[in-house]
Structures are given as structure tokens and as C-alpha cells.
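First up is the structure itself, then whatever we jot down about it.
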Amino acid sequence: AAMVQKYQSPVRVYKHPFELIMAAYERRFPTCPLIPMFVASDTVSEYKSEDEAIHVIERRCKLDIDAPRLLKKIAGVDYVYFVQKNSLNRRERTLHIEAYNETFSNRVIINEHCSYTVHPDNEDWTCFEQSASLDIKSFFGFESTVEKIAMKQYTSNIKKGKEIIEYYLKQLEEEGITFVPRWTPPVACKSEISTSHPRRPVSPAINIPESATKEGLNNKEILNTSSSPLEPTAGTPDDKLDADYIKRYLGDLTPMQESCLIRLRQWLQETHKGKIPKDEHILRFLRARDFNIDKAREILCQSLTWRKQHQVDYILDTWNPPQVLQDYYAGGWHHHDKDGRPLYVLRLGQMDTKGLVRALGEEALLRYVLSINEEGLRRCEENTKVFGRPISSWTCLVDLEGLNMRHLWRPGVKALLRIIEVVEANYPETLGRLLILRAPRVFPVLWTLVSPFIDDNTRKKFLIYAGNDYQGPGGLLDYIDKEIIPDFLGGECMCEVPEGGLVPKSLYRTAEELENEDIKLWTETIYQSASVFKGAPHEVLIQIVDASSVITWDFDVCKGDIVFNIFHSKRAPQPPKKDSLGAHSITSPGGNNVQLIDKVWQLGRDYSMVESPLICKEGESVQGSHVTRWPGFYILQWKFHSMPACAATNLPRVDDVLASLQVSSHKCKVMYYTEVIGSEDFRGSMTSLESSHSGFSQLSAATTSSSQSHSSSMISR
């Protein structure tokens, strides 16, 4: 199995003229005390042009590789020989170095290119760049060991390179040499002097193709605002990354990490039409995949496509969150934590997630969360400038005070999971720390539902405090300065985050509005709608194989009043007949309407009622669950609720007569969603669940104990 490892360095800038750097570089030969493995070097061939502008020298270098003795024994060598060819052009002020291995050249192929060139913006500075490839074809079955040794040696040498030049520069200075004159042509041909405007240095073969470089240059203006913060400490040639800039804005990366970033960025510049993400964002994707460049490229490309599809780049400038969000979304940015990370405060317990989903739909909620993430990226950049060190993630403080059953509303949880998935995929490595405060007893339930969707790396960053533990040792003060602890947590800082509270029902959108929305929810709504007529209920069949499963439901009565029932039958009902409505006077009622219970079936003989009937009024929102005791067929039924005749007299009132004449009064509409959960998944997240004994518990698919069922059924309505 051939493995090819590639390396590309950032640009290293020496704030010294090329000629002085060359004087320092020459001192490494024939041996160099700073590189113990560099045992000796012999000149193999040499060429000098007449005017001494060109000097090419080829050396054979003898290296004592730091490898296990056993491996050297197997390989049968003590030393490894490399050929190094240096081409110095004093006129152009460039040095190109090419090296390859002579030993084992049929088993292992190592190629290296280095270049010293003049800095494009300052002719008294010198740039250094290096790239290499390692291809191990075979090595006595020790391929991966050899690869590790080679990579380790190589990366340690990269770090040494800079020290060596600096060491010899210092040595030169101690000897009083701080200036080396530039090459000048022999007196005869004065006309050729071109030092006043040095031509662009010739780049080594490994560089970005010319077209990409040109684009990079023309786009400098655009790049300034959108692509990479171009305020490098020493100025970067051709929109390449220089080492000082990486350290200042992106952090301490190992040589291989730097290389991955540079190669991925270069690939994007060459192939990606449209906006190239900022360096720190590219780096987040690499970190999320442990610097596996292919995996990182894949998730980054998916994310770029997604950003384009949903116009995410423009969300901060063009999208105005609906007023409901501004009033009821209890979250906001609040200063920064002790590490300088932007701090986001979310009072989840005070927030009516169900109300927000009902009033806005998932789309707007997701957009809002995306705009928060975009703002987070912007604040990280800002804080990086302000604090003088790289800050690439934010801290999130979630206060769960007030969390109740309403937060476990299934569609709400589903919406939350989808939002988490989108954020995980497109904003990797942005959460530096998550502080969860005042976690109530229901919290473990929510946590078991949500945690499988959260990446392991991210989960390590969670700190969870129950009750008032956050005020004790190891609490909030370890992470956030006393001065900015929000008032609602007992601090002195006024926190601007909205209080949240229940979203008024008047702001809820009707099922029709939700259905007719232009932008369908990103992943279609999970609700189905059904019509219920007088004499024609709507029925849904659920087949249960495992006796103790949990059937959960969640429905809204959009129009009319209905009675909800749940039945059990040992035998399968006949598939519904297409013309089951033919018998009714109503002509083509339309809508989803299915009857399953056969007219000849008798209650108590063919099927039984497993929960008592529940009357639901127009506009109500009902959630419930039923633990099944037997396998077989369960039928959920929504039936027209006929008003009893006027109590005062037995004569029908005029209104009732008129009403019964209008077909519409015989039609009800329901939006419903059902789901069967295996009892182990369900039980795992509950302390006890006895809804089968508590009549219509109307709880969402999760509850802490049946004793709470009555109070929480009120909440969930």
C-alpha cells in the first residue's frame, strides 16, 4: 500500500536582506553542530556563470537518522544519503534548493523543494518556503514505522530551520558582519542593473498555478472584507499564509497542521468558485476531522454548498428576525468569558419553545439560530483583534430555571435536534464551552433525547450544574468575571437578554398558514392533516409487535370539536375502501379521511377501548402517550363531536338548524403526528412511566413520574 505524505510550509519572513541570509545559510556546510544528524556533506559538482550571478552546487549529504537500531539492522544501513542541489541566482536574488534521497530510492521516494526569495513588498526582507513529498512504496513490512520516523524527523527539522538561520545571523553580527553588498554586474554592462525595481522572484514548481495567484491578487480588495483578514504582521506575498500571521491569528499549529491548512486553502483558491471561507473557519473544519485533509475537505465543501443554497453569507445584513423572536427568544450575546471568548446567554427554561415553533414554524427559528452563529463567528474575529490572540470559539451559558414538560413537546425537540444537526455540520469547533445551570429533574430526559446528536468532541465541553451549585466552588466564577454575571443569576450585571415568557396563542399560525408557507420547512413538516366529518371519523392504524411499546401522539384541533379515542384489536382491520364515503350525503369531502373499523365490528367483542374518550375543543393542542400492554393493532380515532341539543327545550334552536344545513359545520380538521417509541428507549429516559394507569395522561413522549401527570397535562395543552 503506497502512502504519499505531502507537506507545504507557510511563508517564513526574515526581516533581513537576501544577501545576509545567504551568508548565514552558507555556514551550515559542510557540517552543522545544530543538526547532529547532518554528519557530513561533499560537493559532487559545481557550476558558476562568468559574471558570478549564477551559482549551482550539488552536494551529497550523509545523515545519521534517529531510527531504532533494529530497523537499521534490517535495512542494513547506518547512514542515509541525500542529494541536495542548490541554485543561487544573485541577479534575481533567489535560492532554489532541491533534495531527494539516494539511499533506498527504489523503496522510498522523498522530494523536497525550498526557496529563498525577496519579499514582494520589501526588498530588504527575505521569504522562505518549503514543500515536500514522501512516498513509501515498500520497506520490509515496516512502511508505517518508516513513515512515522520520517515525518517526525522532518517536522523537527522544519522547526530547526529557522533557529539555524537565526543562529548564524547572530554569529555574523558578533563578527561585525551586518551587511553584505548586492551582486552587481561586471562594469562592462551597466545597462542591465535592475536592482532599483527587482523583478518578481521565480517561484518554485510547487506553487499555486499562475491563474490562481493572479485571481488572488486582483481579489485583494474583496478578500479584505470577505475572505481572509489580510493584516498579517509582515505582509504576505500572493495571499499566501505567513508563519507570524498563523501564530497571531490562528494559534500554535504543528508544521503538519499548518501544511494541511495551506494545502486545503490552496485547493479552495484553485477550484472553488465564489467566496472562500476565512482561514480560521477552514481551520475549524480541519480540527473537526483531526486534520485529515480529505475528510475535512468533504465536510467543508458540503457546508459551502449549503451556505450558497441558503444565502447564509448575507443573513446578518439582509435578514430581519420577526418581532416574535425579538420579543420571546430568550437568548443574546453578553460580554465575554475569562478566556476572551464571546459569551452567549440562553434562558432556555424561560423560553416557550413550543409557542415559538407554533408561531414561526421551524424555518424562521433555524434562520435565527444561524444568524446567532454567524454573529458568533464575527465576534470571534473581533475578539481575536482586541485580545491579541486567536479566539475561534464562543462560550454558551444555558439557564434551565423553569424547564418543564412543555419543553419536551416532541415536535419542539425534533426541531431542536434538526437545528443542532445543521449547526454541528456547518459551525464545527465553534463551541468552546457550554455551561448548563440550574438543571431541573426533567433535564436528564431531555439530555438522553438530545445527546446522541452531539459530537463527542463537543460533549466534552459541557459542564452541568444542578440547583444553585453554580454559585459554589468550581462554579461560574471560574469561567466568567464577577462583574458580568447576569442579574438573574444573582450577579450585578444588567443582562439585556429578553425574559422570554409564553407566546400568546393569538400569534400562533394556523395549520393552513403553516401548510401554505412558500418556504416549506427545510425538512417537510412532521404533521399530517386529516378531515373529520359527521359520521366519518379519521382513523390511524398502528401495529405493535413488542408488547410494551409507547405510542405517542400530538395533535391540534384546527377546526370544530372532536372526540379522540384509542382502541386495540387482535385482528387486522380490512384495508379502507376507496368509496367509504359514498354512503354519506356529503359530496367529495376532500382531505385525508380514512375509516378502518368495520361497521360490523362490535366494541368489546372485536375491539376494545384502551383509554377513556377525550373531548377536544377547536384550537386545542393535545399531547399524550399510551404504554401498550398487548401486541396487535391499535387504532387512533378522531371523531366528530356533536353538540347536544339545547338543554332548555327539546326543540332544536334555529341556529342549530341553520348550522346543520351548512356542510362546513360537519367538517373538523386535525393536524396530527404519531410515533412509536420502544419502551427501553423510553424507560431509559424516565424514572417511571405509568401513563397506562393514569387515564389520558396527555403528556408528551416523556415524563418524570405519573404523580406529575395531571399538573403537566395542563401545561401541555
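The values are calculated or read from the model by the stated rules, or taken from the named source; none is laboratory data. Quick caveat: nothing in here was measured; it's all calculated off a predicted structure. Ideal geometry is used to build each Cβ from the backbone, glycine not excepted, and the neighbour counts take in all protein chains shown. Each accessible area value is taken on the protein alone, full model and side chains, heavy atoms only, with ligands, DNA and RNA left out. Shrake-Rupley method; radii C 1.70, N 1.55, O 1.52, S 1.80 Å.
For this structure, a couple of remarks:
- Percent of C-alpha pairs per 5 Å bin, region 243-310, short to long: 3, 17, 31, 26, 15, 7, 2, 0
- Shape index of region 318-506: Rg/Rh, with Rg the Cα radius of gyration and Rh the Kirkwood radius from the inverse mean 1/r over Cα pairs, equals 0.93.
- Debye intensity ratio in log₁₀ form over the Cα atoms of region 5-175, taken at each q of 0.10, 0.11 Å⁻¹: -0.42, -0.50
- Reach of Lys137 by Cα under 23 Å, taken over lysines that are not fewer than 8 positions away in the same chain: Lys6, Lys62, Lys72, Lys73, Lys148, Lys152
- Extension gain (nm, one decimal) between Lys505 and Met609, 0.36 nm per residue minus Cα-Cα: 34.2 nm
- Full extension of the chain segment joining Asp294 with Leu34 gains 90.0 nm, where the gain is 0.36 nm per residue of separation less the Cα-Cα distance.
- Solvent-accessible surface (1.4 angstrom probe) belonging to Trp447, in square angstrom, nearest 10: 60
- Nearby lysines by direct alpha-carbon distance to Lys170 (threshold 21 angstrom, same-chain neighbours under 8 apart not counted): Lys15, Lys159, Lys160, Lys162
- Solvent-accessible area of Ser642, all protein chains in place: 70 Å² (probe radius 1.4 Å, heavy atoms, ligands and nucleic acids excluded).
- The lysines whose alpha-carbon is closer than 29 Å to the alpha-carbon of Lys559, local same-chain residues fewer than 8 away aside, are Lys354, Lys414, Lys505, Lys520, Lys534, Lys577, Lys578, Lys599, Lys617, Lys639, Lys667, Lys669.
- From most to least packed by mean Cβ count within 10 Å, the peptides 317-329, 347-359 give 347-359, 317-329.
- With contacts taken as Cα pairs under 8 Å at a separation of at least 6 residues, region 243-310 carries a relative contact order of 25 percent.
- Rounded to the nearest 10 Å², the accessible area of Leu417 at probe 1.4 Å: 20
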